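The values are calculated or read from the model by the stated rules, or taken from the named source; none is laboratory data. These numbers were taken from a predicted model, which means no experiment stands behind them. Note: ideal-geometry Cβ built from the backbone for every residue, glycine included; neighbour counts use all protein chains shown.
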Amino acid sequence: MTTPIKSEKDRVVIFDTTLRDGEQCPGATMTHEEKLEVAELLDTMGVDIIEAGFPIASEGDFAAVNEIARRAKTAVVCALARAGSQDIDRAGEAVKPARRSRIHTFISTSPVHMKWKLQLEPEQVYEMVIASVTRARGYTDDVEWSCEDGTRTERDFLCRCVEAAIKAGATTINIPDTVGYAVPEEYSALIKMVRERVPNSDQARFSVHCHDDLGMAVANSLAGVRAGARQIECTVNGIGERAGNAALEEAVMAMRVRQDLLPYWTGIDATMLTRASKLVAAVTSFPVQYNKAIVGRNAFAHESGIHQDGMLKHAQTYEIMMPADVGVKQTSLVMGKHSGRHAFVHKLEELGYHLAGNQLEDAFVRFKALADRKKHVYDEDIEALVDEEIATAQDRIKLVSLSVIAGTHGPQRATMKLDIDGKARIEECEGNGPVDATFNCIKAMVPHAAVLELYQVHAVTEGTDAQAEVSVRLAENGRAVTAKGADPDTLVASAKAYLAALNKLTVKSRRGQAEALVVGERRIHSTDVG
């Protein structure tokens, strides 16, 4: 089967402004190193233009744009500049090292902005459009011009300014919905009108830059593309001023999934979308909402019994794209009070259980009762329902005593006594801290390959005498268990939690459990005091 030839006229250029408009989101400031990391990933995933910053804003912004310009391998590196000469000169200097550079200059054109923000007459603004684009062309032949608040600009004046910008040398014309006021039909008509009325519109690529104040940034952007625009300005996770910008991942996947209505294509490697989302969320400390389209935690998760049943029969019943298409490993069937019998049986089989008849029915009834009480039902909760041996197996390894030497003079040392299948064992170990020493004792007496994925401590009540509750999560061979331990002594609580998790994990592998305990007895170096 041959791959259809993609027409260049249907290519939509992706202009990412995560590092500029995205960083303007209150609280989303990134460090120099974080900006470089994000830019590198954007370049790798196929973003066409990276708007790296606003050089005149600060020395830090200039340095970031300049360094990104040096490092970018394929993407065009763009710098933003207002219409003033100092802004443009600073932008030109910042992008100078780039293999491919762009200056993006803008000025407000709406009556409300010209009167109250700029305090300029329309004719003054018109002259500044020509002067700014002309000056920018002195630094690069790739110049983008934007009419800020374009959707609220008078149509005749808008067309006049666009024509002048193109005549002065602008190669990209951006018509932004700066305040997120437009609706798709209106925005599409605006783009179409400008392209038809401006005599030299065919000499420039038209761009859309939409904000999400009314939740229509992506819809408006795609409406603009259908009207002839071929550049979308967007951000990863849709971060940006106020309610944010059009989300890059949503725009890209909308065009990929709905080729019947949006027969356009981009150069984005969609399998990197989730990775980009996580990186931007991490460096900005802006978590992605769980139900966020494409990259949210629940985007490929199903709890409803009806949905889970359909998914198990055929994925396309409730998913319009494959998780792998956007870099997600697999669909997640979340077990909860809405889950049905089909999903429950599927989960049991995943965990290695094969129940039938009354045994299955009883387990399902207990599961539903538990799900009504618990917000999240984990794999280990389900295992406890169907394997009565777990309750007794958790007592096979017991903590008898623990003493720890800690303080400023290390190394720290722990002495622990365990009851393993009725036999007492003692071990003394050092560690990088008292908790590490405690866990090393357990590993010495009960050898295992489990990895500690979570260690969390919190006080059950207030005050210095509060009981500590410790959560431990261990993972081995693709299986993970979580357990808790409580005690007024945090180290004792830690040991209890680790042993509880280890007991659960060894029960999961019945054959491996016996073998591990035998090996443990052979390797143990402590005194048998049983």
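Annotations for the structure displayed:
- Taking helices (runs of 4 or more DSSP H) as the structural unit, those lying wholly within segment 365-445 and holding at least 3 residues that are at pLDDT 70 or above correspond to 434-445.
- Among residues that are surrounded by 14 or more Cβ atoms within 10 Å (Cβ to Cβ), more than 17 Å from Ile175 (Cβ to Cβ), in the same structural domain as Val208 (by TED's automatic domain parsing) and of a type outside the set (D, E, K, R), Pro122 is included.
- Criterion (closer than 14 Å to Ala495 by Cα and of a type in the set (S, T, N, Q)) met by exactly one of Thr415, Thr408: Thr415
- For segment 484-498, the count of residues that are over 22 Å from Ala406 (Cβ atoms), within 35 Å of the chain's Cα centre (by Cα) and either at pLDDT 95 or above or surrounded by fewer than 21 Cβ atoms within 10 Å (Cβ to Cβ) (or both) is nonzero.
- Condition check for Val38: assigned by TED's automatic domain parsing to the domain that holds Ser277, touching a residue at least 24 places away in the same chain (Cβ under 8 Å), within 18 Å of the chain's Cα centre (by Cα) and within 25 Å of Arg226 (Cβ to Cβ): no
- Residue that is nearest to Ser146 (Cα to Cα) [pool: residues in segment 202-222 that are in contact with a Cys (Cβ under 9 Å, 6 or more places away or on another chain) and either among the small types (Gly, Ala, Ser) or at pLDDT below 95 (or both)]: Ser221
- Exactly one residue among Arg242, Arg230, Arg226, Arg205 is among the basic types (Lys, Arg), under 23 Å from Phe286 (Cα atoms) and surrounded by fewer than 22 Cβ atoms within 10 Å (Cβ to Cβ), and that residue is Arg242.
- Flag if Ser221 is crowded, with 22+ Cβ neighbours inside 10 Å and under 16 Å from Ile294 (Cβ atoms): yes
- Number of positions in segment 205-225 that are touching a His at 6+ places or on another chain (Cβ under 8 Å) and of a type in the set (Val, Ile, Thr): 0
Residues checked against (1) under 28 Å from Val326 (Cβ atoms); (2) buried (at least 18 other Cβ atoms within 10 Å of the Cβ); (3) modelled with pLDDT under 95:
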| site | (1), (2), (3) |
| --- | --- |
| Met45 | yes, yes, no |
| Lys73 | yes, no, no |
| Val77 | yes, yes, no |
| Gly92 | no, yes, no |
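- Test: residue in segment 18-40 that is touching a strand residue (DSSP E or B) at 6+ places or on another chain (Cβ under 9 Å) and closer than 30 Å to Cys159 by Cβ: yes
- For segment 457-471, the set of residues classified as at pLDDT 75 or above and in contact with a helix residue (DSSP H, G or I) (Cβ under 9 Å, 6 or more places away or on another chain) consists of Val457, Ala468, Glu469, Val470, Ser471, listed by residue number.
- Flag for Thr109 being surrounded by 22 or more Cβ atoms within 10 Å (Cβ to Cβ) and farther than 30 Å from Ala281 by Cα: yes
- Any hit, segment 67-79, residues being touching a residue at least 40 places away in the same chain (Cβ under 8 Å) and assigned to a helix (DSSP H, G or I): yes
- Breaking point among (1) in contact with a strand residue (DSSP E or B) (Cβ under 6 Å, 6 or more places away or on another chain); (2) farther than 28 Å from Arg275 by Cβ; (3) aromatic (Phe, Trp, Tyr), for Trp116: (1)
- Filter result for the condition that a residue is at pLDDT below 85 and either within 24 Å of Phe15 (Cα to Cα) or in a helix (DSSP H, G or I) (or both), over Ile306, Ile268: Ile306
- Those residues of segment 1-27 which are part of a loop (DSSP other than H, G, I, E, B) and surrounded by 21 or more Cβ atoms within 10 Å (Cβ to Cβ), in sequence order: Val12, Thr17, Glu23, Cys25
- Residue match in segment 125-146 (condition: buried (at least 22 other Cβ atoms within 10 Å of the Cβ), under 22 Å from Gly240 (Cβ atoms) and free of Cβ contacts under 8 Å to residues at least 60 places away in the same chain): yes
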